[in-house]
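Below is one structure, written out as structure tokens, with a few remarks after it.
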Amino acid sequence: MPGIPLDKVLANTAVEIERMAEKAAELDGLVAEMVLQSGPLTREGAEALQDVDRLRQSLECMVFLVRNLAAGAGGSCEVEAEAAAEGIYLRDFKETCMGA
């Protein structure tokens, strides 16, 4: 893989994180429905709701962080795509984030 501008990698990554945040929001709603349908809210149910909500909020915050980093990088440097993608085993994720 050739070098790729860091701002492009970050912008692509923000798009992927945004997709994850949308899925986490869907899961947040589903978990809430399941917990509430199972009867009175238990401690475990409340913790599950909080965990899923925290995941959703964290992903939403990461979108802002990565987009801001992309804007700040301004194409000022390149990263070696192969090294940056090392260990990423999800092909679609890798292609989305490392796409030029």
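The numbers here are math on the coordinates, done by the rules we state, and not lab data. Bear in mind the structure is a predicted one, so any value in this text is a computation, not a measurement. Neighbour counts are summed over all protein chains in view; Cβ atoms, including those assigned to glycine, are modelled from backbone coordinates with ideal geometry.
Listing for the model above:
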item: Amide H partners (placed H, <5 Å) of residue 79, local residues excluded; result: 4, 6
item: Cβ-placed point charges (K, R +1; D, E -1), dipole of segment 3-98 about Cα centre in debye, nearest 20; result: 120 debye
item: Prolate/oblate/rounded label for segment 48-100 (Cα gyration tensor, a/c 1.5); result: oblate
item: Overall Cα dimensions of segment 3-98 - principal axes, largest extent first, Å; result: 54, 27, 17
